[in-house]
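Asker: Dumping the structure here so I can ask a few things about it.
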Amino acid sequence: MVVVMSPDATDEDVAHVVERVEGVGGEAFVSKGVVRTIIGLVGDIESFHHLNLRTLRGVADVHRISDPYKLVSRQHHSERSTVWVGPPGGQVPVGPDAFTFIAGPCAVETADQTFEAARMAQSAGATILRGGAFKPRTSPYAFQGLGVAGLEILAGVREATGMPVVTEIVDARDVDVVAEHADMLQIGTRNMANFGLLQAVGGCGKPVLLKRGMTATIEEWLMAAEYIAQRGNLDVVLCERGIRTFEPATRNTLDISAIPVVQATSHLPIIVDPSHAAGRKDLVVPLSRAAIAVGADGVIVDVHPDPETALCDGPQALLGSDLRALAQAVRRLPGAVGRVGAGDLATGRRSGS
Ligand code: PEP
Ligand code: MN
């Protein structure tokens with residue numbers, strides 16, 4: 001932490017800051033410039049916060065140098081992490097050594113629709129199935145999801161296909177029932193800053209897919225991940241799904257630069273959701289290619305056997321030639337950027353444990 005004194009600060013003002021810092025066990029290094037004095041602080045940052053240094057006479061500004069997150073930071077864990085999703089013997093990795101392809105319906109509507117979407121996803125090369133049973137909708141009149149009945153459908157499809165399942169949780173009271181039916185719990189964009197929910201999934205014992213809040217900075221997103229990690233769950237995968245900008249051509253603006261930025265600052269894996277970023281199926285393949293090229297650890301996309309009748313997000317659901325183009329991209333492109341492709345995942349599977 002660095003304290004910047006104002007040009008008119010006196011020697012007494014500087015001495016007072018030093019005294020307060022040393023009073024909580026810290027060290028203060030004073031550097032006098034021609035116009036300003038700055039003081040470098042070394043020690044426990046939390047105890048410095050309690051000093052309210054900005055309120056002291058002569059203090060112009062206080063800057064933090066280290067990351068505010070710890071458990072998810074690369075400063076404390078330099079190797080990038082792999083999160084394993086699925087039951088023992090059928091786990092799929094999400095991390096730097098493989099490219100993970102996740103696909104499925106936006107919402108679980110019926111058993112047939114979910115099964116058919118899973119079949120489409122699996123034959124395109126996806127190894128994890130997505131599907132929402134609890135849907136956080138902007139309108140209270142829109143389809144809210146089948147709830148527990150939807151979780152049961154997902155569990156049945158998981159059983160039949162062998163694909164681990166990721167599904168969204170919107171209420172901390174549902175942690176046990178969602179964790180019982182799914183292999184990974186998703187926190188959606190609207191709940192990224194629901195700290196009670198983050199703490200609840202931190203104790204669930206299953207991996208978590210943490211989407212970026214649509215108006216969250218990268219630092220706020222990593223602080224949300226820190227809430228989960230702080231409860232003992234470091235199996236967190238981040239998901240960039242687009243942010244709100246002034247541009248109306250797409251539903252959200254995919255912040256492609258967030259991927260290398262996150263990878264430089266956090267050890268957690270990061271994947272991209274081009275479906276929810278764009279809101280239109282014609283952009284899903286190009287954005288997936290961009291995600292692979294920039295080094296994302298995977299993609300998660302919507303597929304639906306009959307988008308015209310979809311109860312949620314039909315315009316962005318893939319089928320037919322779009323899905324074939326995506327399948328080709330996730331099979332071929334990861335190799336071109338120096339990582340194991342989605343098609344090679346079977347060999348990357350961890351057995352046992
Ligand atoms: C979803 O994945 O179904 C979803 C609602 O995504 P997001 O939270 O990113 O809008
Ligand atoms: Mn959706």
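Asker: Answer yes or no: is there a residue in the range 116-129 that is within 13 Å of ligand 2 (Cβ to nearest atom), farther than 30 Å from SER266 by Cβ and either out of contact with any helix residue (DSSP H, G or I) (no Cβ under 6 Å at 6 or more places or on another chain) or among the aliphatic types (A, V, I, L, M) (or both).
Answerer: Yes: the range 116-129 contains one or more residues that are within 13 Å of ligand 2 (Cβ to nearest atom), farther than 30 Å from SER266 by Cβ and either out of contact with any helix residue (DSSP H, G or I) (no Cβ under 6 Å at 6 or more places or on another chain) or among the aliphatic types (A, V, I, L, M) (or both).
Asker: Give the residue, chosen from GLY145, GLY104, GLY90, that is in the same structural domain as ALA278 (by TED's automatic domain parsing) and away from ligand 2 (no atom under 14 Å from the Cβ). First the steps, then the outcome.
Answerer: On the way: GLY145 fails: away from ligand 2 (no atom under 14 Å from the Cβ); GLY104 fails: away from ligand 2 (no atom under 14 Å from the Cβ).
Matching residue, one of GLY145, GLY104, GLY90: GLY90.
Asker: Another one. Could you tell me which numbered condition LYS206 fails, if it satisfies all but one of (1) without any contact (Cβ under 8 Å) to a residue 60 or more places away in the chain; (2) part of a helix (DSSP H, G or I)?
Answerer: (2)
Asker: Okay, moving on. Tally time: how many residues in the range 148-190 are within 14 Å of ligand 2 (Cβ to nearest atom), part of a helix (DSSP H, G or I) and over 21 Å from ASP112 (Cβ atoms)?
Answerer: Number satisfying all stated conditions: 2.
Asker: Which of the residues spanning the range 66-110 are closer than 30 Å to GLN144 by Cβ, more than 16 Å from ligand 1 (Cβ to nearest atom) and part of a loop (DSSP other than H, G, I, E, B)?
Answerer: GLY86, PRO87, THR110
Asker: Still on this structure, I have one more. Are there any pairs, at least 6 apart or on different chains, whose C-beta atoms fall under 6 Å, with the first in the range 259-283 and without any contact (Cβ under 8 Å) to a residue 60 or more places away in the chain and the second in a helix (DSSP H, G or I) and of a type in the set (Val, Ile, Thr), and if so, which?
Answerer: Pairs found: ILE259/VAL294; VAL261/ILE218; ILE270/ILE259; ILE270/VAL262; PRO274/VAL284.
Asker: So which pairs qualify, if the first residue must be in the range 91-113 and among the hydroxyl-bearing types (Ser, Thr, Tyr), the second must be crowded, with 24+ Cβ neighbours inside 10 Å, the Cβ gap must be under 6 Å, and the two must be at least 6 apart or on different chains?
Answerer: Within 6 Å, the pairs are THR100/VAL94; THR100/GLY298.
Asker: What's the number of the condition ALA225 fails, among (1) crowded, with 24+ Cβ neighbours inside 10 Å; (2) more than 9 Å from the chain's Cα centre (by Cα); (3) among the hydrophobic types (A, V, I, L, M, F, W, C)?
Answerer: Failing condition for ALA225: (2).
Asker: Do the conditions hold for THR250, that is, is it free of Cβ contacts under 8 Å to residues at least 12 places away in the same chain and surrounded by fewer than 22 Cβ atoms within 10 Å (Cβ to Cβ)?
Answerer: Considered against the rule, which asks whether it is free of Cβ contacts under 8 Å to residues at least 12 places away in the same chain and surrounded by fewer than 22 Cβ atoms within 10 Å (Cβ to Cβ), THR250 comes out as no.
Asker: Taking the range 259-284 only, how many residues are aliphatic (A, V, I, L, M), part of a helix (DSSP H, G or I) and buried (at least 22 other Cβ atoms within 10 Å of the Cβ)?
Answerer: Taking the range 259-284 as the starting set, the residues that turn out to be aliphatic (A, V, I, L, M) are 259, 261-262, 264, 268, 270-272, 277-278, 283-284.
Cutting the leftovers down to part of a helix (DSSP H, G or I) gives us 259, 261-262, 264, 277-278, 283-284.
From what's left, buried (at least 22 other Cβ atoms within 10 Å of the Cβ): 259, 262, 277-278, 284.
Within the range 259-284, residues that are aliphatic (A, V, I, L, M), part of a helix (DSSP H, G or I) and buried (at least 22 other Cβ atoms within 10 Å of the Cβ) number 5.
Asker: Okay, moving on. Can you pull out the residues in the range 152-182 that are under 20 Å from MET120 (Cα atoms) and either within 22 Å of the chain's Cα centre (by Cα) or within 14 Å of ligand 1 (Cβ to nearest atom) (or both)?
Answerer: Scanning the range 152-182 gives LEU154, MET163, PRO164, VAL165, VAL166, THR167, ALA182.
Asker: Within the range 285-303, take every residue that is surrounded by 24 or more Cβ atoms within 10 Å (Cβ to Cβ) and among the charged types (D, E, K, R) and give me the one that is nearest to ligand 1 (Cβ to nearest atom).
Answerer: Here the residue is ASP302.
Asker: Within the range 27-38, is even one residue surrounded by 12 or more Cβ atoms within 10 Å (Cβ to Cβ), over 16 Å from VAL62 (Cα atoms) and not charged (D, E, K, R)?
Answerer: no
Asker: Could you tell me which residue of the range 209-238 is nearest to ligand 2 (Cβ to nearest atom), considering only residues that are assigned to a loop (DSSP other than H, G, I, E, B) and either under 16 Å from LYS70 (Cα atoms) or among the polar types (S, T, N, Q) (or both)?
Answerer: THR215
Asker: Here's another thing I want to ask about it. Name the residue, out of THR161, THR127, THR189, that is among the hydroxyl-bearing types (Ser, Thr, Tyr), closer than 17 Å to THR110 by Cα and in contact (Cβ under 8 Å) with a residue 24 or more places away in the chain.
Answerer: Numbers: THR127 fails: closer than 17 Å to THR110 by Cα; THR189 fails: closer than 17 Å to THR110 by Cα.
Of the residues listed, the single one that is among the hydroxyl-bearing types (Ser, Thr, Tyr), closer than 17 Å to THR110 by Cα and in contact (Cβ under 8 Å) with a residue 24 or more places away in the chain is THR161.
Asker: Further, regarding this structure: Considering only residues that are in contact with a helix residue (DSSP H, G or I) (Cβ under 8 Å, 6 or more places away or on another chain), within 16 Å of ligand 1 (Cβ to nearest atom) and not in a helix (DSSP H, G or I), which ones fall in the range 312-332?
Answerer: ASP313, ALA317, LEU318
Asker: Could you list all residues from the range 316-337 that are surrounded by 23 or more Cβ atoms within 10 Å (Cβ to Cβ) and either among the acidic types (Asp, Glu) or in contact with a Pro (Cβ under 6 Å, 6 or more places away or on another chain) (or both)?
Answerer: Residue satisfying the conditions is ALA317 alone.
Asker: Determine whether PRO140 is in contact with a Ser or Thr (Cβ under 9 Å, 6 or more places away or on another chain) and surrounded by fewer than 22 Cβ atoms within 10 Å (Cβ to Cβ).
Answerer: no
The values are calculated or read from the model by the stated rules, or taken from the named source; none is laboratory data. As the structure is a prediction and not an experimental result, all values here were calculated from the model. Neighbour counts run over all protein chains shown; Cβ positions are idealised from the backbone, glycine included.
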